[in-house]
Amino acid sequence: MTILCLASYEKGHEFLRECKRQGWHVVLLTSESIRQSARFPEEIDEVFYMADEDHRWNLPHTLNAVAYLARTRVFDRIVPLDDFDVEVAAMLRENLRVPGMGETTAHYFRDKLAMRMRAAEAGIRVPDFVHVLHHGRVGAFLESVPGPWVLKPRSMAGAIGIRKVNDANQLWDIVHALGDEQSRYLLERFVPGDIFHVDSIVYEKEIRFAIASGYGKPPLEVAHGGGIFTTRILRRESETAQRLLAENQRVLAGLGLLRGVSHTEYIIGRDDGQVYFLETSARVGGAHIAELVEAASGINLWAEWAKVEMAGGHASYAAPAPRNDYAGLVVSLARQEHPDTSQFADPEVVWRMDRLHHVGLIVRSPEAARVQALLEDYTARVARDYHAAEPPRQQAAH
């Protein structure tokens, strides 16, 4: 059995290793721009490189390249390892008739407008929104929905390209400056509140594992204010965790995820206490959230995703029994090229980030309160001794 993995960025090492452990022939298609820097596992059977511009591949060229490879290989699965690869993988599956998520469903997990429309149709609460397309409808939205608002690119990942807008004149200036790119955006009511995420494993439409976490500062605020990124596993018995898990069940069912993994974000409104669906994905969460989940539960989302793909609906799959520890993650840009984190010497530290001009740690404890205390202490020390900031990104990083 042969699996084709798409990775426009370096991602998914444990996914690739698990495929090999399962005895599959692993073919990786990745970006030419990372040929020299990427360190994918040596166990991969074949690696091919696509010419790219800012990690974007020409779709007709990609289809031709994969079709050429398919002359001498039978691809039983095609899997995207990064958010930007989800739609490419769906396009390839449709054209090569390989089992898996097709283009229509893929849009629900990549296109922020499509996922909101689908969720609203399923009766899921979302912030008021409008497609930046028909100017009359946008104007009516601005008059009927009080600001501030959030302007979001439909197909970027995370907080990339998102802008908070405070008045209608500012919004129209931005819209007109977008020119022909306007239709690739949506406008949404800004809902003040706390942001959460649920990370899930789904097999045959059934959630086999899910864990709820809460961000410190909202990712949008971190991206635009140059803050420090933190998140931690919620108390499993808490009302907040239970509400999020219940809503997550409705969202993934409503959007039609058959099998795979998902990172889904929610906001609990400060004014009304309601849970709002923000966005979802059909991949492992970024920003080292997979390491956070593994620290708390012992479950590696990348490896389990590989097992789900291997089973493919034809064999049984059961997620491992999770460990019920708690964990917290702190990540920041650093002033130092190689930050020395030896001052963080508590026995709860289980992971340290190894990346130029970054500092990051994960702590684990059986007690949620201990994790929270360490996270607050470490965040203050990172801010004092390491933290650096840069302008918010309007496109994907190299």
query = Using the heavy atoms of the protein chains alone and a 1.4 angstrom probe, what is the accessible area of region 48-141 per residue in square angstrom?
reply = 47
query = What are the lysines whose alpha-carbon lies under 19 Å from the alpha-carbon of residue 307, with same-chain residues fewer than 8 places away excluded?
reply = 11, 20, 205
inquiry  = How long are the semi-axes of the equivalent ellipsoid of region 10-63, defined as square roots of 5 times the Cα gyration tensor eigenvalues? Whole Å, largest first.
reply    = 22, 13, 8
query = For region 339-347, in order, what is each residue's ³J(HN,Hα) by Karplus, 6.51 cos²θ - 1.76 cosθ + 1.60 with θ = phi - 60°, in whole Hz (x at glycine and Pro)?
reply = x, 8, 9, 5, 5, 8, 10, 5, x
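Once you keep just the Cα pairs under 8 angstrom separated by 6 or more residues, what percentage relative contact order results for region 76-235?
Computed over region 76-235, the figure is 16 percent.
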remark   = So for R0 = 45 Å, FRET eff. of residue 367-residue 64 from the Cβ-Cβ r, to 0.05, ends up at 0.25
message = Given R₀ = 25 Å, what would the calculated FRET efficiency be for residue 346 paired with residue 236, taking r from the Cβ atoms and rounding to 0.05?
response = 0.65
remark   = Each label sits 7 Å from Cα toward the beta-carbon; between residue 270 and residue 178 the label points are separated, in nm, by 2.6
Compactness of region 254-370 as Cα Rg over 2.2 N^0.38 Å, two decimals = 1.29
query = Just the Cα atoms of region 222-274: what Rg and Dmax do they give in Å?
reply = 13.9, 37
request  = Pairs of Cα atoms under 8 Å, at least six residues apart: use those to get the relative contact order of region 253-388, whole percent.
outcome  = 20
key: Under 5 Å, built H, 5+ apart or other chain: amide partners of residue 358   = 334
request  = Express in Å², to the nearest 10, the accessible area of residue 17 obtained by rolling a 1.4 Å probe over the protein heavy atoms while all chains stay in place.
outcome  = 80
task = Give the Kirkwood hydrodynamic radius (Å, one decimal) of region 32-191, defined as one over the mean of 1/r across all pairs of different Cα atoms.
result = 18.3
note = Here the relative contact order (percent) of the chain, from C-alpha pairs under 8 Å and at least 6 apart, is 15
request  = Ignoring everything but the protein chains, give the 1.4 Å probe accessible area of residue 61 in square angstrom, nearest 10.
outcome  = 110
request  = Mind running the shape call on region 278-318? Use the C-alpha gyration tensor, a ≥ b ≥ c as the square roots of the eigenvalues: rounded below 1.5 for a/c, prolate if a/b tops b/c, oblate otherwise.
outcome  = oblate
remark   = Whole-number value, in Å³ per residue, for the convex hull of the alpha carbons of region 1-114 is 103
request  = Taking amide H positions as placed in the peptide plane 1.01 Å from N, state which residues far from residue 193 in sequence (5 or more) or on other chains have amide H under 5 Å from it.
outcome  = 270
key: Simple spin-label estimate for residue 390 and residue 133 in nanometres, 7 Å along Cα-Cβ   = 3.5
query = How much accessible area per residue does region 247-398 have, in Å², with a 1.4 Å probe?
reply = 44
ask   = In the chain, what percent of the accessible surface is made up of carbon and sulfur (1.4 Å probe, ligands and nucleic acids excluded)?
value = 48
remark   = Using a 1.4 Å probe on heavy atoms of the protein chains only, the accessible area for residue 239 in Å², nearest 10, reads 140
note = Log entry: pair-distance distribution for the chain, C-alpha pairs binned every 10 Å from zero, whole % per bin is 5, 21, 32, 28, 13, 2
key: Per residue Cα convex hull volume in Å³ - calculated over region 129-190   = 72
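The values are calculated or read from the model by the stated rules, or taken from the named source; none is laboratory data. Owing to the predicted nature of the structure, the values given are computational and were not obtained by experimental measurement. Every residue, glycine as well, gets a Cβ built from its backbone with ideal geometry; the counts of neighbours run over all protein chains shown. Accessible surface areas use protein heavy atoms only, side chains included; no ligands, DNA or RNA. Shrake-Rupley method; radii C 1.70, N 1.55, O 1.52, S 1.80 Å.
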